[in-house]
Amino acid sequence: MSPRSAWAARVACGLLLVCLAQAARAQQAASTIDAGHTAWMLGSTALVLLMTIPGLALFYAGMVRKKNVLATMMQSFAATGIVSVLWFAGAYSLAFTGDGAWLGGLGRVFLSGLTRDGTNALAPTIPESVFLAYQMTFAIITCALIAGAVADRMKFSAFIAFIVAWLFVVYVPIAHWVWGGGFLAAAGLLDYAGGTVVHINAGVAGLVAAVLLGRRRGFGQENLAPYDLSMAVVGTGLLWVGWFGFNAGSALAADGRAGLAMLATHFAASAGALSWMAIEWWSRGKPSVLGIISGAVAGLGTVTPASGFILPAHGIVIGLAAGALCYWACTSLKRRLRYDDSLDVFGVHGVGGILGTLAAGIFAAGAVTATADNPAGLPGLLEGNPRQLLIQLGGVLATIAWSGVGSFVLLKLIDAAIGLRVTDEAERDGLDLALHGEAMQ
């Protein structure tokens, strides 16, 4: 090769390397994915799934009678599988894509168009695959929560049919309204991690289902005491730990806001447990294990919608209020209205979700919610913004109405088609044996 040719080759190679480097820098600049945020969200996704299996499965199973333990666990596992497949099929797309005020789009049906490094505009710093998986775990536990209200008496086939229909008719629209850019989001509703979407939604659906199914055989007459509270305690512990992924993970980033949400969550759970325990000790003479774990879950659920908008001290206040109000709902209110919500889904999650969503409008702190685009943040009532509380109330009422009416219609249709409730014989013998052919030894 002549000296001139060698020189030309070196110049060409140099230009090629420069172009490749510029292309790499351009690709890096175009990508907004952050490795730290992604790692945290992968972990948070696992934590939230842990809340359902085995957390909720153990929590619920420990509070039913021995003859219904396996059937109760089965509902949590079935909800996990069913919702996961439906999330892939189209629920994610309808909830979190598109810009409709009422419902999302069809751009990700069967996850078409999903790429390795693509992102969703709602979570630009993590891969869309991680975002959709994280949101899937929220849909799973919301559907599974409803099972607690109908424990001991609902047909498994009816439960499956209800979950399939309810996910699309009730959960998906509300998730889009609040988190997917729908009309409640546009109105300025503050729901950090699911006061409306998860807790009010599941609580109201559970109450409607419990009323339509009717009370359990022997309710108010026979001993319906829990089979094994130690299982429920273990389940509560898993829920408590998993809730850090639920609330701190809802920052969709590994940052200071996630840290504050984690603190508020833990303080609320602790305060809720102590509040419930103290009231029960004072009113009944003895603090119960069932009471303290119920108070912890009440604190966790109640702080959820506010956790990323408040200071840690507010978490303690919310937890104390949650323990007291949810205790009243699960005892006095339940006795007065004589509905049989088996595991107090409405009393803990429904009432707690309402309280927490309103509390977000009271305690929201501008210093916590401030961004570069909005340095003043999103202040609540205590910082001179009473309008926010009215917005929160509107979100609560919209969720109650849609979940209540939608759940009622779906349950009535399922009852007409296949029936909702097991036979008296099956209920007497236990759902483990009657529905699944298995029994605890």
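Side notes on the structure shown:
- Verdict on Ala123 being at pLDDT 95 or above, under 17 Å from the mean Cα position of the chain (by Cα) and within 19 Å of Gly249 (Cα to Cα): no
- Scan segment 9-64 for residues that are at pLDDT 95 or above and either under 30 Å from Gln75 (Cα atoms) or among the hydroxyl-bearing types (Ser, Thr, Tyr) (or both) and the total you get is 26.
- Selected residue [of a type outside the set (Gly, Ala, Ser), buried (at least 21 other Cβ atoms within 10 Å of the Cβ) and not in a helix (DSSP H, G or I)] from Met73, Met41, Met63, Met51: Met63
- In segment 277-320, the residues that are closer than 30 Å to Val368 by Cα, polar (S, T, N, Q) and not in a helix (DSSP H, G or I): Thr304, Ser307
- Residue match in segment 253-265 (condition: over 29 Å from Phe131 (Cα atoms) and touching an Asp or Glu at 6+ places or on another chain (Cβ under 9 Å)): no
- Helices (runs of 4 or more DSSP H) contained in segment 163-230 and holding at least 3 residues within 28 Å of Gly100 (Cα to Cα) and of a type in the set (Val, Ile, Thr): 172-179
- Selection count, segment 215-233, where residues are under 26 Å from the mean Cα position of the chain (by Cα) and over 14 Å from Asp344 (Cβ atoms): 5
The values are calculated or read from the model by the stated rules, or taken from the named source; none is laboratory data. Since the model is a prediction, treat every value here as computed from it, not as a measurement. Quick reminder, even Gly has a Cβ in these numbers, built from the backbone with ideal geometry, and neighbours come from all protein chains shown.
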